[in-house]
Amino acid sequence: MSELLKTALGAPFRFLLNALWEVQSYTFLSARAIANVFTRPVYFREILIQMDRIGVGSLTIILLTGFFTGAVLGIQSESALRRYGAASLTGQLVSLTLVRELGPVLSALMLAGRIGSGIASELGSMVVSEQISAMRALGTDPTRRLVTPRMIATVVMLPLLTILCNAVGMAGGWIIARYKLLISSSQYWSDAVNTLEVSDVFGSLLKPVVFGFIVAMTGCYVGLRTHGGTEGVGRSTTQAVVSSSILIIACDFFLNNLIIYIAPYLNA
Amino acid sequence: MPGRKRRQSLLRPGGACMTTMAQTGPGGPMIEFLNVTKSFDEDVVLREISFRITRGETMIILGASGSGKSTILKLLLGLIRPDAGEILVEGRNIAAMTERELVHVRRAFGMVFQEGALFDSLSVRENVGYRLYEEGMLGEDEIEVIVRRMLGFVGLEDAIDKMPAELSGGMKRRVGIARALVGNPKVILYDEPTAGLDPITKRTIVDLMIKLRDLEGVTSIFVTHDLPAAEMIATEYASAENNGEIRFARAGKEFCLLNVRFILLNEGRIGFEGSYEELNQSGDPYVRAFLARR
């Protein structure tokens, strides 16, 4: 009976302890990755390779996501706005929704699926094939060589991809507005651009920086603690996508609150 | 290392071979494990093990899978930390060192991993020259010369531009050996380098290890459960002829090897320590059972 009680009480305690340990390890890895930016050596070639892989390599899916999201927003907003006789405001709605929310979040989620999983599986494979141990044995810090370049590349490229996603999304909305809803181009674009405030643009650039950090660090963290051979690599890949997606959505909530709080100062 | 001054194998004329500290390496202890304990979660892998390796000596660590053989190598490189005990490398306790300090200690070691552990995204040239590229002390041309010399030593100079995916299992191990030799390490650690190889490729790898031991005087630790490969290392030696040709011979009635010792791990403890002859003559039931697997 006492064993049963011990097990019953022990399980939640172990879960809590493991969760705290994970948070601590994630924080340490992130702190080391950031500290490496300011000390030598910095692997510039590796950063450029990762920027190409993450930025240029993700261009197609980001553009397609942005375009169709903008177009769908155009269609949906028209049916909602028509009830209030405000269909002409489609440009505003598409623009605000994309720039404030969907552009950054969808770009980050697409990147989590494509890049986060790729990073986790690449680093996970390196762990199970002892390449990480070999790297350390040869005197290289894997955090400096592998994690920091991926973090920098993702943090730099995701805001750029988000800007493109927003722009293409607005173009998608414009096509619907112009050819389906018969709203003039000048009205659509004038509404779309003029409705944006400094806080909207700021938020649209701040979010992808944070989300990019989450995608890269989660992929690296999960990848580096892979165990259990090829099956473990598969597990890590799935875990990286799920964890970073949840973190992105949770962080989006807090970032929105922060941006709403500082918006008056930014727009003043 | 290849190109370095050649040394004679530590051989002794006929009779039973003794492997005391005084007779083995020319210097003092290179590596010392003092009461080292290591556990993973609740599984104790090593229990207060102690041994020492002198310069120029080859230590063959035998044991069943999961007996802690590879853990010893990882501890020695500072890739993992012991729970208790001291690990001395040239008299300095690496168990108490920071990661930054360990980087300097690791320069004294070359490690050959079980599957080669070559970096997939780098060519054979970049893999072998990795340490030199990282240090940034030499120019491209100088690195190229060293890389070609190391690849020549393992007989793979033609593979310099290939990617690891284009190499066979045996070739990967040989490139791994070439990579471990770069930087003139004082000690080479072999983690099951012959596991899963066909007999011919295994022979090639063992010959390379014997050449390094006898012609270059490299201290080495060979972790394996491959008894035939361990026996080859313990009973054969290489010598360079006047014409530069390398001759392999079997130590037997005329000579026996002095600088090879065995450790057999049994449930995290050292079940046996001694020479090849002492291993074969041991009456310990676990040693007999282990040797009976041949």
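The values are calculated or read from the model by the stated rules, or taken from the named source; none is laboratory data. Just so you know, these numbers come straight off a predicted model, no measurement behind them. All Cβ positions, even for glycine, are placed from backbone atoms using ideal geometry, and neighbour counts span all protein chains on display.
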**OP:** Tell me the helices (runs of 4 or more DSSP H) entirely within segment A:74-168 that contain at least 2 residues that are over 16 Å from the mean Cα position of the chain (by Cα), within 14 Å of chain B (Cβ to nearest Cβ) and within 17 Å of A:Q50 (Cα to Cα).
**Re:** A:117-128
Original post:
For residues in segment B:223-246 being farther than 19 Å from B:I200 by Cα and not in a loop (DSSP other than H, G, I, E, B), which is farthest from the chain's Cα centre (by Cα)?
Top reply: B:A240
Subject >> Subset of segment B:73-114 (residues that are in a helix (DSSP H, G or I), in contact with a strand residue (DSSP E or B) (Cβ under 6 Å, 6 or more places away or on another chain) and more than 14 Å from chain A (Cβ to nearest Cβ)) >> reply: B:A95
Subject >> Criterion: among the polar types (S, T, N, Q) and at pLDDT 85 or above - qualifying residue of B:N243, B:N259, B:N266 >> reply: B:N266
Original post:
Name the residues in segment B:120-130 that are crowded, with 22+ Cβ neighbours inside 10 Å and either in contact with an Asp or Glu (Cβ under 9 Å, 6 or more places away or on another chain) or facing chain A (nearest Cβ under 7 Å) (or both), would you?
Top reply: B:V124, B:G129, B:Y130
**OP:** Would you be able to tell me the number of residues in segment A:191-231 that are of a type in the set (G, A, S) and over 22 Å from A:L161 (Cβ atoms)?
**Re:** 2
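Restricting to segment A:78-121, what's the tally of residues that are among the polar types (S, T, N, Q) and without any contact (Cβ under 8 Å) to a residue 60 or more places away in the chain?
Matching residues across segment A:78-121 total 2.
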Original post:
Within the set of pairs 6+ apart or on separate chains, which have a first residue in segment A:1-24 that is closer than 22 Å to A:R225 by Cβ, a second that is at pLDDT 80 or above and not in a helix (DSSP H, G or I), and C-beta atoms under 6 Å apart?
Top reply: none
Original post:
Could we say that A:L196 is touching a residue at least 24 places away in the same chain (Cβ under 8 Å) and in a helix (DSSP H, G or I) here?
Top reply: no
Original post:
What about A:L48, is it surrounded by 11 or more Cβ atoms within 10 Å (Cβ to Cβ) and under 17 Å from A:L158 (Cα atoms)?
Top reply: yes
**OP:** Those residues that are touching an Asp or Glu at 6+ places or on another chain (Cβ under 9 Å) and surrounded by 13 or more Cβ atoms within 10 Å (Cβ to Cβ), I need them from segment B:93-104; list them, please.
**Re:** B:N93, B:I94, B:A95, B:V103
Original post:
Tell me, which strands (runs of 3 or more DSSP E) wholly within segment B:10-64 include 3 or more residues that are at pLDDT 85 or above?
Top reply: B:29-40, B:43-54, B:58-63
Original post:
How many residues does segment B:167-190 hold that are closer than 13 Å to B:V128 by Cβ and either in contact with a Lys or Arg (Cβ under 7 Å, 6 or more places away or on another chain) or hydrophobic (A, V, I, L, M, F, W, C) (or both)?
Top reply: 9
Original post:
Of the residues in segment B:131-152, how many are surrounded by 15 or more Cβ atoms within 10 Å (Cβ to Cβ) and not in a helix (DSSP H, G or I)?
Top reply: 0
Original post:
Out of all the residues in segment B:271-293, is one or more farther than 30 Å from B:N35 by Cβ and surrounded by 15 or more Cβ atoms within 10 Å (Cβ to Cβ)?
Top reply: no
Original post:
Residues B:K172, B:K162: which one is assigned to a loop (DSSP other than H, G, I, E, B) and more than 10 Å from every other protein chain (Cβ to nearest Cβ)?
Top reply: B:K162
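Let's see how each residue does on (1) in contact with a Ser or Thr (Cβ under 8 Å, 6 or more places away or on another chain); (2) modelled with pLDDT of 95 or more:
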site	(1), (2)
A:S2	no, no
A:R14	no, no
A:L64	no, yes
A:F68	no, yes
A:L73	yes, no
Subject >> Failed item in (1) without any contact (Cβ under 8 Å) to a residue 60 or more places away in the chain; (2) on the phi < 0 side of the Ramachandran plot, with A:L182 passing the rest >> reply: (2)
